[in-house]
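The values are calculated or read from the model by the stated rules, or taken from the named source; none is laboratory data. Predicted model, so just to flag it, every value in this text is computed and none were measured. Using ideal geometry, Cβ is built from the backbone for each residue, glycine included, and neighbour counts are taken over all protein chains shown.
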Amino acid sequence: MPAESMTTAESTSNQVPEVSMTPPADLFAIAKVNGEDYTKLPDDLYIPPDALRVFLDTFEGPLDLLLYLIRAQNIDILNIPVARITHQYLEYVNLMQAANFDLAAEYLLMAAWLGEIKSRLLLPRPVNAEGEEEADPRAELIRRLQEYERFKQAAEHIDSLPCEGRDFFVAQAQAPDYQRPVEPPQVELRELLLALQDVLSRADLTVSHQVSRESLSLRERMSNILELLRGQRFVPFVQLFSVSEGRLGVVVSFMAILELVKEGLIDIVQADAFADLHVRARVGEAQGNDLDLGDDSSESDLERAFDES
Amino acid sequence: MNPDELKSIIEGALFAAGRALSIEQIQALFDEAHRPDAGSIKSLLDALYADYADRGVELRQVASGWRFQVRHDVGPWVSKLWDERPQRYSRALLETLALIAYRQPITRSEIEDIRGVSVSTAIVKTLLEREWVRVAGHKEVPGRPALFATTRHFLDDFNLKSLADLPALASIRDLAEIAADLEAAAHE
Amino acid sequence: MNPDELKSIIEGALFAAGRALSIEQIQALFDEAHRPDAGSIKSLLDALYADYADRGVELRQVASGWRFQVRHDVGPWVSKLWDERPQRYSRALLETLALIAYRQPITRSEIEDIRGVSVSTAIVKTLLEREWVRVAGHKEVPGRPALFATTRHFLDDFNLKSLADLPALASIRDLAEIAADLEAAAHE
C-alpha cells in the first residue's frame with residue numbers, strides 16, 4: 001500500500017469540519033473552521049484565493065473535482081493515493097460549503113464514498129469462498145473516474161468543432177419573388193361516398209328522415225329542367241323532352257317534371273282547353289352574385305370548410 | 001491581403017448575410033488598419049457580378065446595397081421549397097357536397113335537416129368558388145332559399161360522365177350497413 | 001431540360017433554402033414527369049462542388065444533404081456582420097451533449113450516473129430547443145423516462161456527415177488490468 005494513504009492527518013476526514021460563512025465585514029477571514037478564523041487557504045490548494053469562487057463554480061461535480069485533484073498533483077489515475085486525495089477533496093468541499101454553494105449533496109456523497117474506500121484499504125482484504133481476495137476497493141472509483149474523463153474529453157472535442165453560426169455560416173441568397181398558385185385540395189370520389197355514408201347513417205338514427213332511393217338520373221334531370229327554365233317565363237312542355245334520348249329518357253324527364261311539380265318548384269299552365277302546355281319555374285331567378293348566404297355570425301367552429309390541421 | 005482573398009471575403013459575407021450589404025458595411029468587416037477603400041470594393045463587386053453572370057444566383061445592386069439573389073427564371077422550381085402541404089376539405093364540406101350531388105336541387109335547410117347540424121356559409125362559399133355547386137334557383141317558400149345543384153365542372157373533377165355514374169344510394173347504404181354489422185360483430 | 005438549366009435550378013434552390021437539401025428534396029422540386037434521377041442530380045452536385053472550389057463559398061455534404069456554406073477561412077471577417085459574440089456553451093451542456101451523442105439512446109438518470117451530478121432541466125431544454133437532441137422514445141422502466149438521441153440538425157450544425165465522424169471515445173482501461181496494476185503497486 002502506498003505510504004501516502006497511511007497519513008494520519010486523515011483519520012478524521014470523514015467528519016466534515018464545522019464551517020460557517022464569513023461575515024462580509026471581515027475581508028480577511030475566509031471562513032470559520034472549527035471555531036477558528038480561516039484567514040488563508042490551505043497550502044496544498046492550487047488556486048489563488050481571489051479566484052476561489054469562480055474556480056469552484058467551474059467544477060462539474062465531484063468526479064470533475066477529483067479528476068482535477070489527481071491531475072493537479074500529477075497522480076496516475078490508476079494508482080490514486082486515496083487518503084491524500086480524500087483529504088484534499090474534503091478541503092474543497094468545506095470551502096464550497098463555506099461559500100454557500102448549493103451542490104453539497106453530491107459532493108458529500110463522494111466524500112462518504114472516499115471515506116469508505118479509505119477505511120477498507122486500511123483493513124486486510126477479506127477472502128471470499130473461492131479463496132480470492134476481494135477486488136481492490138478503489139477499482140469502482142477508478143472505473144467511474146475513467147468513464148467520466150472520456151466524456152469530458154468528448155465534450156471538449158465537440159466544443160472544438162466548428163459550429164454553425166459561430167465558426168461557419170450557411171450561405172443564403174435572396175429567394176426569387178415568385179408566387180406559386182395555390183392548388184385547391186383534391187377529393188376522391190371514395191371520400192365523397194364515405195362522407196355520404198356517414199351522413200346517411202346519422203340521418204337513420206335521427207328519427208324520420210327518409211332519404212328516398214330515387215334514381216340519380218331523375219334528380220339530375222330535375223336540375224337540368226330547372227336550369228332550362230331559368231330566366232324564361234314560359235317554356236313549351238314539349239321542349240323539355242328530347243326524342244333522341246329515346247323512350248327511357250322521355251320517361252325520366254316526365255317523372256322529373258312530376259317531381260318538380262310535387263315539390264312546388266314548377267307550374268304547368270294551359271291557356272285554354274287543348275292548348276299547348278307551358279311550364280314555368282316557380283323558383284326565383286338565381287343571381288349568383290347576390291346570393292344571400294345568410295347571416296352566419298354564429299358559425300360553428302366545427303363546421304369549417306377546411307380541416308384545421 | 002491580395003484581391004482574390006478580399007473577393008472571397010466579400011462573397012462569403014454577402015452569402016452569409018443573405019441580404020443586401022452596402023459598401024460601407026463591407027468595409028466595416030475589416031480592421032481600420034486593413035480597410036480597403038470603396039473603389040477597390042466596388043471593382044471587386046463588379047468582378048463578382050461577372051463571375052456569376054451565368055449561374056443560378058446573381059449579384060444585384062438594390063437600394064440598400066448589393067446582394068446575391070436567386071435568378072428569377074428558376075423561381076417556379078425553387079418556390080416549391082415552400083409549398084404548403086395541400087389543404088384538406090373538412091368532413092362537413094364533403095357531406096354537404098354529397099347531399100347536393102344526390103339530392104339536388106336542395107336547399108341549405110334541407111341539407112341541415114338530413115345532416116342534423118347547420119351548414120356554414122364558409123362551406124357553401126367554398127363549394128361555389130370551386131364551381132362544384134351552383135344555385136339552380138330559389139324555392140318559392142318564405143325566405144326564397146337558394147336551391148343548390150352540382151355543375152358540369154363537378155362531374156369533370158370527379159371523372160363522371162353524368163350523375164347517373166355515381167353509385168346508387170342503395171348500394172352506399174348497404175355499404176354503411178355492412179360496415180355497421182361488422183362493427184357490431186366485432187363487439188360481440 | 002438540359003444539364004445547365006438543371007444545374008442552375010439546383011444551385012438556386014440550395015442558395016434559396018439556406019439549409020441542406022437532400023437529393024430527394026431536390027428531386028421533389030420537379031414535376032413527376034420531368035423529375036431527374038438521383039444519379040444525374042448527384043453528378044450535377046459534383047459539378048457544382050468543382051465550380052465553387054476556389055470561391056468564398058463552398059458546397060458541403062452534411063448529414064441531411066448538401067448545402068452551400070461560407071468558406072471556413074473567411075469566417076473571422078464574416079462573423080463581424082453580427083454584433084453579438086456568438087455564445088459559448090457551458091461544460092455541463094457540452095458534457096450532456098457528448099453523453100447523448102456517444103451513448104444514445106440514453107436517459108437523464110443514466111447521464112447523471114456518469115457525470116456524477118444532476119442534469120439541469122435548463123440544459124435539456126436548451127438542447128431540445130436548439131434541435132440538437134430529441135426524445136427518441138421512453139424506456140420501459142418505472143416512470144418511463146425519456147430516451148434522448150441526437151438529431152440530424154446536430155450533425156449539420158457541427159459539419160458532420162454522421163456520428164461516425166466524431167472521434168472514438170478514449171479507451172477505458174480494463175478493470176482486470178487496473179487491478180493487476182494496483183496489486184503490483186501494493187507489493188512494491
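Scan segment C:50-89 residue by residue and report those that are modelled with pLDDT under 90, hydroxyl-bearing (Ser, Thr, Tyr) and within 30 Å of C:Ile111 (Cα to Cα). Correct list: C:Tyr89 only. Restricted to segment C:137-156, and to residues there that are of a type in the set (A, V, I, L, M, F, W, C) and more than 16 Å from the chain's Cα centre (by Cα), the residue that is surrounded by the fewest Cβ atoms within 10 Å (Cβ to Cβ) is C:Val141. Looking at segment B:28-141, the helices (runs of 4 or more DSSP H) lying wholly inside it that each contain 2 or more residues that are closer than 30 Å to A:Ile225 by Cα and more than 7 Å from chain A (Cβ to nearest Cβ) sit at B:91-103, B:108-115, B:121-129.
Residues in segment A:105-163 that are closer than 19 Å to A:Thr86 by Cβ, among the basic types (Lys, Arg), within 9 Å of chain C (Cβ to nearest Cβ) and crowded, with 16+ Cβ neighbours inside 10 Å: A:Arg138, A:Arg144. Among the residues of segment A:124-158, those that are hydrophobic (A, V, I, L, M, F, W, C) and more than 17 Å from A:Ile75 (Cβ to Cβ) comprise A:Val127, A:Ala129, A:Ala135, A:Phe151, A:Ala154, A:Ala155, A:Ile158. Hey, does segment B:153-163 have a residue that's closer than 16 Å to A:Ser223 by Cα and in a strand (DSSP E or B)? Scanning segment B:153-163 turns up no residue that is closer than 16 Å to A:Ser223 by Cα and in a strand (DSSP E or B).
Checking the stated criteria, A:Ala154 turns out not to satisfy the condition of being within 30 Å of C:Gly12 (Cα to Cα) and of a type outside the set (D, E, K, R).
Pairs meeting the criteria (first residue in segment B:105-118 and over 21 Å from A:Glu220 (Cα atoms), second residue among the polar types (S, T, N, Q), beta carbons under 6 Å, at least 6 apart or on different chains) are B:Gly116/A:Thr206. Taking the criterion of being basic (Lys, Arg) and within 30 Å of C:Leu94 (Cα to Cα), the only residue of segment A:159-202 that qualifies is A:Arg166. Taken over segment C:1-38, residues that are within 18 Å of B:Ala53 (Cα to Cα) and crowded, with 18+ Cβ neighbours inside 10 Å amount to 11. When B:Leu14, B:Leu44, B:Leu29 are screened for being under 31 Å from the mean Cα position of the chain (by Cα) and at pLDDT 90 or above, only B:Leu14 passes.
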